[in-house]
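Trainee: Got a structure here, written out as structure tokens. Questions coming.
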Amino acid sequence: MNLCRSAWGTLASFAFDYDTPKIVRIQNKKVGALYRLFQLGIMGFMIGYSIIYSKGYQDKDNVFGGSHYENCQGSTGAQVYDPADYVVPPQEPNSFFVMTNMWVTCDQSYGFCGEDPSVQGSNCTGPSDCVKQNTIKGNGPRTGVCNNETHTCEVYAWCPTEKENVSYTDMGPKINAEGFTVLIKNSIQFPNLAPNTLRKNYISNYDLSKCGIWSHDNYYCPIFQLEDIVAMIDPPQNFTELATQGAVVVLTIAWNCDLDRSGCDPVYGARRLDTSAGDSTSGGFNFRFAKYWYEQGIQYRTLIKAYGILFVVELVGQGGKFSITTLVLKLGSTVALLGIAAVLSDVVVLYVVRKHDMYYGRKYLMVKEYDQEQGEGGEEEKVPFLQHEAAVLSDMVVLYIVQKRHLYYQEKYQVVKRLASFLAIHQSFPKAVVVAEIYGRLNVVLVRSIARAILARELPPS
């Protein structure tokens, strides 16, 4: 029964009691001003920068969309090249390659020939210098024979092998592509914020062949000159150098849109990807491709080592739209962060100011495990209190466990009546209530109170 009442009391206390922290007000102008300064700093940062300047009241969504180019064209002078020649391959996701320089090896066919001298270990003076190998370390497997014409080890490969004249390649680009133009169409949307709104980098239902060339004054004409794209790179690059050895250039289209407003324009930029500032490794970009044909039953090919600029179109950006939920969360974060002002002020008060010891004593209430109940001598009461606890436990064993407990119980009852009479007089308890409480249920809390009363006064005679 006591256990149930105790549990009910604990539950009722948890459900209906209200606890509030103790507030210590320190009347110190310097500390008060510092506390308000901390608060103003936190509120200024959260409201001024995080919410207003950074638009923290908006929901954010990343841009979704795609880009594609439709045509790259231009004139190269005496030698005529069309997009089928210098745009390789014809279609590539979000990128296109423009060939600007090349080394061509014509009329190759399968056979035996000398290895390219630039291949390591290919030079020879006799058969002893060439070991037959089935693995390919150059243009083909070695046969173990030294070719007397080239003085290199013989291989079975596409012959004649490629022998690039680097000095000729470095003379400059063979295709002058500065004035080439490319049409880059781009459309985007923000599916989570405005799924039904589509934005484009060109004007719908407009003949783009009449818009001219893109410029800052002609923003919605998506026809770009290649030299204008290269000019966007920071630091500035020389188009001729890029066209000679090749390069990888990223064209960035950034859509950062405030959907609470109507206007939203793309921002273009470019950067070089194949090399970076301070990189000692030479940059450039090239690859090989071949054109095949048959003549009198023999397969031939023309091998082209293509140098050029690979343009990669990158789409980035973010959209924002007002959301009351996001705003409330930001304001809640601001209120929570204001607690930092109190923590910083406490550090100043408790460890920095001159009278910090006095403030420390007022802020923290030190409570010992056994408080002094009768003036001085709190530590002296500690031992009798523990001794009587042991006596109470012994009484429980004697009155409820041992075989002759009923004899001890009757003897003990006489003492209980005397004790109850004493408490009824000095503690203003009705005698019947005290007797019922002790005799009927042996309430431990009441017995503890009785023990303390015994320690303070002598029992009257029966």
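Trainee: Say each of GLN299 and ARG354 gets a label point 7 Å from the Cα, pointing the same way as Cα to Cβ; how far apart are those two points in nm?
Mentor: 9.8
Trainee: Say each of ASN196 and THR275 gets a label point 7 Å from the Cα, pointing the same way as Cα to Cβ; how far apart are those two points in nm?
Mentor: That separation, rounded to one decimal, is 5.3 nm.
Trainee: Using the Cα gyration tensor of segment 83-188, with a ≥ b ≥ c the square roots of its eigenvalues, what is the shape: rounded (a/c below 1.5), prolate (a/b larger than b/c) or oblate (neither)? Present the calculation step by step, with values, prior to reporting the outcome.
Mentor: Working: a/c = 3.59, a/b = 2.49, b/c = 1.44.
Prolate, because a/c is 1.5 or more and a/b exceeds b/c.
Trainee: If you count only protein heavy atoms and use a 1.4 Å probe, how large is the accessible surface of SER122, to the nearest 10 Å²?
Mentor: SER122 has an accessible surface of roughly 0 Å² with all protein chains in place.
Trainee: Also, quick follow-up: Sticking with the crude label model, points 7 Å out along Cα→Cβ, report the distance from ALA15 to SER323 in nm, one decimal please.
Mentor: So the label points at ALA15 and SER323 sit 3.9 nm apart.
Trainee: Rank these residues by their accessible area, most exposed first, probe 1.4 Å: ARG25, ARG354, ARG301, ARG5. Mind dumping the intermediate values first?
Mentor: Working: ARG25 205, ARG354 230, ARG301 35, ARG5 150 Å².
Sorted descending by solvent-accessible area, the residues read ARG354, ARG25, ARG5, ARG301.
Trainee: What length, rounded to one decimal in nm, is gained on full extension from LYS291 through to CYS106, with 0.36 nm per residue of separation minus their alpha-carbon distance?
Mentor: 65.6 nm
Trainee: Now a separate question. Could you tell me the accessible area of ASP258 in Å² (1.4 Å probe, neighbours in place), rounded to the nearest ten?
Mentor: The accessible area comes out at roughly 20 Å².
Trainee: Where does each of MET99, MET232, MET358 land when they are ordered by accessible area, with a 1.4 Å probe and the largest first?
Mentor: Result, largest first: MET358, MET232, MET99.
Trainee: If HIS216, HIS151, HIS356 are ordered by their accessible area, calculated over protein heavy atoms with a 1.4 Å probe, which sequence runs from highest to lowest?
Mentor: Final ranking, largest accessible area leading: HIS216, HIS151, HIS356.
Trainee: If you don't mind, there's one more thing I want to ask. With r defined as the distance between the Cβ atoms of ILE203 and ALA254 and R0 fixed at 30 Å, what FRET efficiency is calculated, to the nearest 0.05?
Mentor: Here the calculated transfer efficiency is 0.95.
The values are calculated or read from the model by the stated rules, or taken from the named source; none is laboratory data. Note that this is a predicted model, so its numbers are computed, not measured. We place every Cβ from the backbone using ideal geometry, glycine too, and count neighbours over all the protein chains shown. Surface accessibility is based on the protein's heavy atoms, side chains included, excluding ligands, DNA and RNA. Shrake-Rupley method; radii C 1.70, N 1.55, O 1.52, S 1.80 Å.
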